[in-house]
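*Asks:* One structure is given below, represented as structure tokens, and several questions about it will come after.
Each value in this text was obtained by applying a stated rule to the coordinates, not by laboratory testing. Everything numeric in this text was worked out from a predicted model, so none of it was measured. Note that we place each Cβ from the backbone using ideal geometry, even for glycine, and neighbour counts take in every protein chain shown.
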Ligand code: CP
Ligand code: NVA
């Protein structure tokens with residue numbers, strides 16, 4: 001059974017297959033061609049945390065593929081009242097074809113996958129947010145950044161940037177970890193600037209360095225936001241206070257105050273650099289209003305691409321696992 005818990009679960013070729021599917025399905029959708037590749041299939045969506053983009057994109061995505069999505073929030077599920085993951089996963093998976101889970105500790109997701117008889121997709125855990133990164137990568141491709149030959153044909157492009165530099169500024173959190181996985185799998189340059197006490201998890205960094213040996217990725221981890229921004233093709237950041245960290249808010253406001261993406265940071269980047277943010281964003285904190293609402297910002301295209309990237313993932317997993325209910 002192939003689940004999608006992290007980008008590290010897949011080879012570069014497999015990730016590109018999913019992107020190719022996402023691009024093809026997006027094209028068909030734009031042209032008004034029906035895409036019933038998962039006709040009659042059901043997707044359960046388990047949310048133990050809030051969501052706008054993930055919920056809408058999965059629910060609309062499975063519908064556009066001819067299937068049906070079931071939204072299951074923690075406040076309604078027995079899981080939220082203490083039913084164990086093992087029973088919840090076994091029962092839900094006995095009735096649906098795929099399950100998306102958004103949860104707290106990544107181990108909860110792994111346990112869910114262990115007891116699920118159908119593929120489980122990570123809709124965000126404290127450690128990783130891989131669906132977001134596929135949407136981010138699709139947005140990079142559409143902006144001519146790091147477009148591999150095998151998917152070049154499907155993309156409108158002018159000047160392709162073959163070896164881009166992505167600069168991530170902020171918390172060494174689930175987004176930073178996912179950027180580490182994407183860059184190290186695909187083989188581009190990633191520079192992370194995180195405050196000293198908020199560096200990414202060392203075990204995940206070690207995996208990224210190991211992957212980079214094979215892919216040729218260059219990974220730089222520092223606390224210097226000026227150095228990472230220089231000549232970067234993508235500047236990205238994330239909230240200083242992730243879901244579940246609300247009690248640390250005041251401390252984090254102090255610790256991250258110098259890690260803001262503003263127009264000075266953007267001026268150090270490549271002149272055609274794009275700005276990405278997974279959203280929700282907090283204007284005036286991790287990013288200034290002029291940057292997030294400026295011409296280099298691709299945040300709405302990026303959020304919209306969640307829809308298409310995830311359709312690529314669901315169709316790919318379905319093909320791999322030849323999904324059928326009991
Ligand atoms: N980026 C993202 O996952 O947004 P939501 O929390 O709204 O789903
Ligand atoms: N790091 C953020 C991402 C939200 C999409 C969080 O986990 O809350």
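Residue-by-condition table, conditions (1) surrounded by fewer than 18 Cβ atoms within 10 Å (Cβ to Cβ); (2) within 15 Å of residue 163 (Cα to Cα); (3) within 16 Å of ligand 2 (Cβ to nearest atom):
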| position | (1), (2), (3) |
| --- | --- |
| 194 | no, no, yes |
| 219 | no, yes, no |
| 225 | no, no, no |
| 244 | yes, no, yes |
| 266 | no, no, no |
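*Asks:* Now for a separate question. Being free of Cβ contacts under 8 Å to residues at least 24 places away in the same chain and in contact with a strand residue (DSSP E or B) (Cβ under 7 Å, 6 or more places away or on another chain) is the filter here, so list the residues in segment 293-317 that pass it.
*Replies:* Of everything in segment 293-317, just one residue is free of Cβ contacts under 8 Å to residues at least 24 places away in the same chain and in contact with a strand residue (DSSP E or B) (Cβ under 7 Å, 6 or more places away or on another chain), namely 297.
*Asks:* If I ask for residues that are surrounded by 14 or more Cβ atoms within 10 Å (Cβ to Cβ), within 21 Å of residue 128 (Cα to Cα) and in contact with a strand residue (DSSP E or B) (Cβ under 9 Å, 6 or more places away or on another chain), which ones from segment 19-58 would you list?
*Replies:* The answer is 43, 44, 45, 46, 47, 48, 49, 51, 54, 55, 58.
*Asks:* Could you go through segment 37-53 and let me know if any residue there is in a helix (DSSP H, G or I) and within 19 Å of the chain's Cα centre (by Cα).
*Replies:* Here is the first cut: in segment 37-53, the residues in a helix (DSSP H, G or I) are 53.
From the residues that got through so far, the ones that are within 19 Å of the chain's Cα centre (by Cα) too are 53.
Yes; the residues of segment 37-53 include at least one that is in a helix (DSSP H, G or I) and within 19 Å of the chain's Cα centre (by Cα).
*Asks:* Taking residue 180 as the residue in question, decide whether it is touching a helix residue (DSSP H, G or I) at 6+ places or on another chain (Cβ under 7 Å), in contact (Cβ under 8 Å) with a residue 60 or more places away in the chain and crowded, with 24+ Cβ neighbours inside 10 Å.
*Replies:* Judged against the criteria, residue 180 is not a match.
*Asks:* Given the conditions (1) farther than 26 Å from residue 145 by Cα; (2) in contact with a helix residue (DSSP H, G or I) (Cβ under 6 Å, 6 or more places away or on another chain); (3) assigned to a helix (DSSP H, G or I), report the number of the one that residue 211 does not fulfil.
*Replies:* Checking residue 211 against (1) farther than 26 Å from residue 145 by Cα; (2) in contact with a helix residue (DSSP H, G or I) (Cβ under 6 Å, 6 or more places away or on another chain); (3) assigned to a helix (DSSP H, G or I), the one that fails is (1).
*Asks:* Which residue is nearest to residue 287 (Cα to Cα), if the candidates are limited to segment 246-262 and must be over 22 Å from the mean Cα position of the chain (by Cα) and surrounded by 12 or more Cβ atoms within 10 Å (Cβ to Cβ)?
*Replies:* Filtering segment 246-262 for residues that are over 22 Å from the mean Cα position of the chain (by Cα) and surrounded by 12 or more Cβ atoms within 10 Å (Cβ to Cβ), the one nearest to residue 287 (Cα to Cα) comes out as 262.
*Asks:* Could you please give the count of residues in segment 54-66 that are part of a helix (DSSP H, G or I) and more than 16 Å from ligand 2 (Cβ to nearest atom)?
*Replies:* Keep residues of segment 54-66 that are part of a helix (DSSP H, G or I), which gives 54-64.
Cutting the leftovers down to more than 16 Å from ligand 2 (Cβ to nearest atom) gives us 59-64.
Number of matching residues: 6.
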